[in-house]
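No lab work stands behind these numbers, since they all come straight from the coordinates. Quantities reported herein were computed from a predicted structural model and do not represent experimental measurements. For neighbour counting, all protein chains shown are included, and Cβ atoms are generated from backbone atoms with ideal geometry for every residue, glycine included.
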């Protein structure tokens, strides 16, 4: 005995072809939308987390470089050095860069080098005191591609005489450090990210503390 | 009694109606809304952190250079006064100059030197700045002179609270100053 009191619950009629088609199409639309949205969302989350990791790691590296710079007397970047005139504002195209930078203090040297290992690249900091043992520290910046350092000597002039008598120019040392991050991973499609920091390696007037004067 | 009910349920051969199925789909769609929001907000938080770290990075670069310049600020200001012929020019005028601020907020491919300007006249002293990320819309200085008349040790000289402000947007539809970071450095003129 079948109960016929309710039109919907009691009906023995199944779905019509049209009904099944409507439900299938609606379900498919919802599933495709949700899938694409979640897929894109997860990809964005991964990308964001990855970029944040790289930026944080680069910040740690820059912070350590700043400390070493404060304590050093001279900097070596090999041939990666350039001088900019008083009125020059842009770095020349193809300016020289080095993947190694050395800070020389009175009783120690600290070198940062980009090292290529089978599992990826990292930056190695080697602290070599004149007395005592060498200390090494690795800075892993996720997906690092290049590490570039350049010394920039920027000429400047502070006018102390009434014009048109021109005051002599002075030279200030600065260090530009670039960390370039990029991904070969197809799952994380990111554009190249360049993180740079400019450190003043020399004060604008002679003093006997902190900074080196050539 | 129980056996009768089970028998009735087993005998009942009807399925769901189209109306029921549509209602179920609508409920599922509504339930997905908060999940989608959760994912979006997680992404927004992650992106916000990225730009905050970048702002700290940009600010420390400028603060360090300003601190290094602080011993020469008096001379730089005197230079600006000579070039403009304006003896009343202050450090605030120099660091908040429109031309200088426009250069600071410009987007470039490479780090570059930005010369100080006084009333549109460029000086021959500059700050080096990293190239600003495309999402950043502002990089500027705001100055406030500190009142040091009541202090015992810091009576000589003028002290400035230099505020370095960065604005950025995460989505292109956001307002240019929808996110803001402010950093302070104290300078003696």
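GNM, chain B, Cα, under 10 Å: largest mean-square fluctuation among B:142, B:109, B:79? The residue that fluctuates most here is B:109.
Neighbouring Cβ atoms from other chains, within 10 Å of the Cβ of residues in A:171-178, number 2 on average.
For the range A:103-167, a/c is not less than 1.5, where a ≥ b ≥ c are the root eigenvalues of the C-alpha gyration tensor, and a/b does not top b/c. That puts it in the oblate class.
One quarter of the convex hull surface built on the alpha carbon atoms of chain B amounts to 21.5 nm², the projected area averaged over directions.
Distances between every pair of Cα atoms in the range A:35-135, grouped in 10 Å steps from 0 to the bin holding the largest one, split as 12, 28, 30, 17, 9, 3, 0 percent. Ordered by the number of other Cβ atoms lying within 10 Å of each residue's own Cβ, fewest first, A:90, B:93 fall into the sequence A:90, B:93.
Cut-off 10 angstrom, C-alpha nodes, Gaussian network model of chain B. Which of B:38, B:22, B:146 fluctuates the most? Highest fluctuation among the options: B:22.
The Cα-based radius of gyration of the range A:56-194, divided by its Kirkwood radius, gives an Rg/Rh of 1.07.
On full extension of the chain, what length is gained from residue A:153 through residue A:19, given 0.36 nm per residue of separation minus the C-alpha to C-alpha distance? Mind showing how you got there, number by number?
Values: separation 134, 0.36 × 134 = 48.24 nm, distance 7.68 nm.
Gain on extension, residue A:153 to residue A:19, equals 40.6 nm.
Sorting the Cα pairs of the protein assembly as shown by distance into bins of 20 Å, from 0 upward, gives 21, 41, 19, 11, 7, 1 percent per bin. Remark: A:70, A:29, B:171 ranked as B:171, A:29, A:70, counting other beta-carbon atoms within 10 Å and listing the fewest first. Taking the fewest neighbouring Cβ atoms within 10 Å as the starting point, the ordered list for B:173, B:42 is B:173, B:42. The GNM of chain B, with springs linking C-alpha atoms under 10 angstrom apart, assigns the highest mean-square fluctuation among B:162, B:27, B:114 to B:27.
On a full-extension model of 0.36 nm per residue, what is the gain between residue B:183 and residue B:24, subtracting their alpha-carbon distance, rounded to one decimal in nm?
Values: separation 159, 0.36 × 159 = 57.24 nm, distance 5.24 nm.
Between residue B:183 and residue B:24, full extension yields an extra 52.0 nm.
If the segment from residue A:71 to residue A:56 were pulled out straight at 0.36 nm per residue, it would be longer than the present Cα-Cα gap by 3.1 nm. Computed from the C-beta positions of residue A:107 and residue A:63, the FRET efficiency with R₀ = 30 Å rounds to 0.85. Counted over all Cα-Cα pairs of the range B:25-97, pairs farther apart than 18 Å make up 65 percent.
Mean residue ellipticity, 222 nm, helices only, the protein assembly as shown: the sum of -39500 (n - 2.57) across DSSP H runs of n ≥ 4, divided by residue count and rounded to 500, is -12500 deg cm²/dmol.
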